[in-house]
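The structure under discussion appears below in the form of structure tokens.
We did not get these values from a lab; they are worked out from the coordinates using the rules stated. From a predicted model like this one, the values you see are computed outputs, not experimental measurements.
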């Protein structure tokens, strides 16, 4: 008689697999000394780059009557003082109580569709740090060096790095000219219509694509209080890195 030593649940064929991480990336995911590289895809006009505001909300629990966290609300312009905005937390106390009358400030963000060098997939960069937005704006204004294809793909990559932790945290962006591989061009042609970032403002999933009756942001326009960086099509190619990413 042969004893089965291991429980069947531990056998290779029955291993529990983890769910695929959400295709959203924030610079705060980096640790001190880490960096990640991305290529921007699409732009404001195509619905693949937006700016807006985000705030944490609270809702009354129907069972206890207490206020509890209810996710984040995204708006095109500053939300002002919404009735559902979340209270600040008192981190100095062990039980982390909420502070009545003191609320978490809404944060401005820049969201942009990109392809990740590390994961080889389309993701949405969700950037809340003003320093990164300012650096990226400076890079995109160097239109002679950092250009775009006719398909709206960046002819360059951006490397986002983090240094320090806590209040000593700082971020930097390093651009690098890279010719867009045919593989990415073909993938973008088949997937670009399935991503529509203005869905954020409607409480919908950006990866559901643009609805047929959704006007979104005005093409070639500028949203209220939003900053627009319009891509420029390349007229001459500078020295390039022709690697696959």
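Details
- Between residue 208 and residue 169, full extension at 0.36 nm per residue minus the direct alpha carbon distance yields a gain of 10.6 nm.
- Region 62-102-region 42-61 distance, computed between alpha-carbon centres (Å): 18
- Full-stretch length increase - residue 100, residue 187 - with 0.36 nm per residue and alpha-carbon distance subtracted: 26.4 nm
- Full extension of the chain between residue 60 and residue 161 gives 32.4 nm of extra length, using 0.36 nm per residue less the Cα-Cα distance.
- Among beta bridges that DSSP assigns inside region 21-236, antiparallel share in %, nearest 5: 95
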